[in-house]
Amino acid sequence: MVMETRSRRRRRLSAPPPLCQGGVAVGSGPDRISELHDDVLIQILRRLRCAAAAASASAVSRRWREGGLWRHLPELSFRGVAHGDLEDALAQVALQKLSLLDIEITDRIPTEAVASLLSAAARLDPVELSIVIAWVVGSDDFVPIELPSFARATSITLRLHDLHLSMPAQGGEFPALERLSIRSGTFDAGALISRCPRLRVLELIYCWGIETITVHSATIEELLVISDQLQGVDIVAPRLKKFTLHCDVSVDFSMSMSAPMVENLSWKCWSHGQFLIAAVGAVAVGIDGMWRLVRTQLRTEGSGFILGLDIARSHSMIQVRNLQEMFPIPKISVLELCLDTRGHVYGGVVLNLLGVWNAIRTLKLVIDPDMLKDEVCPLDCPCDQPENWRSQNISLMGLEVVEIKNFKGSGHEIDLLKLLFRCAPLTKVTVKLASKVGPSSRGCKDAYEIFKANPSAECHIYLHRGNKIIFAIPPSCSRSLTHCWSSLNA
């Protein structure tokens, strides 16, 4: 007789008992699962949250297999199922009204199959609907697919791979819809929104072919728009509270917004150097094509708004635009300027922008963040325009805090510091030196003299790396003072 090894015996004892015909294990009692009431079995399967898993679980019970209980689940999720099998499965669903229908198709699906899928989903009338389609093939993408009505749906998420959606001439209502998210498709946003009388949250993500976003709604409270390129945004939403916009803007971009209750804004708009910017009035930012707008950012912080502008040196003028004609910028408390100067004078452009937003409380300047090599600035360079910017006086009575990063101590930077102290009641000024600028440099000494002449303001100068303070005015505001004026003159 062959002796049974210890490992083989362990595997034999740990293996599950074989199933006999009828689903009853040898030596076990009756099939207890099959004795449960249908409502209990459905609750068990419902917790799987996946139709395929629920169907597979039927192997453990005769009644589960014979009754097809998964067809009675109010929440159905189909993920990774081929579209042909999916249509067969949806045809077997016993309930006429679902609470959730979640579909994700990862294989290639013809356009006409998408239309059939939407119709099948509409017949099941779900409260929550999510359809994600990764790839559509075989037909013209510009042939519109009619979006059927979902009378009970409160939430709809559609990811339809660049399909063209159309609304039916009659019907096509969404009377209960509160949340709508559409990604990668094209449609008439205004027509769709008009058929959603209870819509509160709208997300439009990379919806190609929509050049102007039009949102006129008395109920929308949150709006998210992410797009490759937009020509315009038109919003009339009296209840709108949160608006997020991330997009590339065209050269003729403009935004119109009527939203008196908005309190949370987050805008990031890239222009990719297509146009220059102009301040309000006759004064241009970037005389003779000097500066171009790269990115506009607007965000909420506390009870105020922060405006961020990325501006770069331009070699040629393409088109000058008025920034406030492009964006309805609200009253801001913080202005953040990121300037790619390439060594050029930037005092004039900063002064012009301060003339537009002269009620700010905080000014933050980041100079040459990418630390690219400086260009040679000729004597007649338009960067130093207007010629009298150093002697100008503007009212900046709200400006209290100034932060400058990558300060090189050039003569025009010292002149800008003098102008700011002259025009604003500054209470705190922080300067962080550029990488190759040390505490013994002429510019650093000149900045210190300006700080010393304004003792009412708390002033700090930091080295480029870390938080090491080399100057503090008054000295009592820092216990870690590592340098003093006398040591620089030693």
Please report, largest first and rounded to whole Å, the three semi-axes of the ellipsoid equivalent to segment 132-258, where each semi-axis is the square root of five times an eigenvalue of the C-alpha gyration tensor. 22, 20, 12
With a 1.4 Å probe and all protein chains kept in place, how much accessible area does V233 have, in Å² rounded to the nearest 10? 10
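At 0.36 nm per residue, minus the direct Cα-Cα distance, what do E178 and D252 gain on full extension? Give it in nm, one decimal, please.
Working: separation 74, 0.36 × 74 = 26.64 nm, distance 3.29 nm.
Between E178 and D252, full extension yields 23.4 nm more.
What is the sum of charges around G443, taking Lys and Arg as +1, Asp and Glu as -1, for the other residues whose C-beta is under 14 Å from the C-beta of G443? Spell out each step's value before the answer.
Values: positive: K408, K418, K432, K436, R442, K445; negative: E413, D415, D446, E449.
Net of charged neighbours comes to +2.
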Within segment 455-472, backbone nitrogen closer than 17 Å to the virtual label 7 Å beyond the Cα of K436 toward Cβ: 464-465
Starting from the Cα of K418, draw a straight line to each of the lysines and keep only those under 25 Å, dropping any in the same chain fewer than 8 residues away. K364, K405, K408, K428, K432, K436, K445, K452, K468
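On a full-extension model of 0.36 nm per residue, what is the gain between I205 and K97, subtracting their alpha-carbon distance, rounded to one decimal in nm? Before the final figure, lay out the partial values.
Working: separation 108, 0.36 × 108 = 38.88 nm, distance 2.88 nm.
Here the segment from I205 to K97 would lengthen by 36.0 nm.
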Listed by chain and number, the residues whose amide H is under 5 Å from that of E458, excluding neighbours fewer than 5 places away on the same chain and using placed H, are K428, V429
For L177, what residues show an amide H to amide H distance below 5 Å, using hydrogens built from the backbone and excluding near sequence neighbours? R198
Along the Cα→Cβ direction, 7 angstrom out, place labels at S303 and R361. What is the inter-label distance in nm? 0.9
Given R₀ = 35 Å, what would the calculated FRET efficiency be for A82 paired with T214, taking r from the Cβ atoms and rounding to 0.05? 0.40
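About its Cα centre, what dipole magnitude does segment 332-428 give when the only charges are +1 on Lys and Arg Cβ and -1 on Asp and Glu Cβ, stated in debye to the nearest 20?
Its charge dipole is roughly 400 debye.
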Full-extension gain between K445 and V143, please, as 0.36 nm times their residue separation minus the C-alpha to C-alpha distance. 101.8 nm
Hey, quick one: spin label on L224, modelled 7 Å out along Cα-Cβ, who in segment 179-215 has an amide N within reach, i.e. under 12 Å? 180-183, 201-206
Through the Karplus equation 6.51 cos²θ - 1.76 cosθ + 1.60, θ set to phi - 60°, convert the phi angles of segment 235-242 into ³J(HN,Hα) values in whole Hz; use x for Gly and Pro. 10, 10, 8, x, 9, 5, 10, 9
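The values are calculated or read from the model by the stated rules, or taken from the named source; none is laboratory data. Predicted model, so just to flag it, every value in this text is computed and none were measured. Every residue, glycine as well, gets a Cβ built from its backbone with ideal geometry; the counts of neighbours run over all protein chains shown. Side chains included, ligands, DNA and RNA excluded: accessible areas come from the protein's heavy atoms. Shrake-Rupley method; radii C 1.70, N 1.55, O 1.52, S 1.80 Å.
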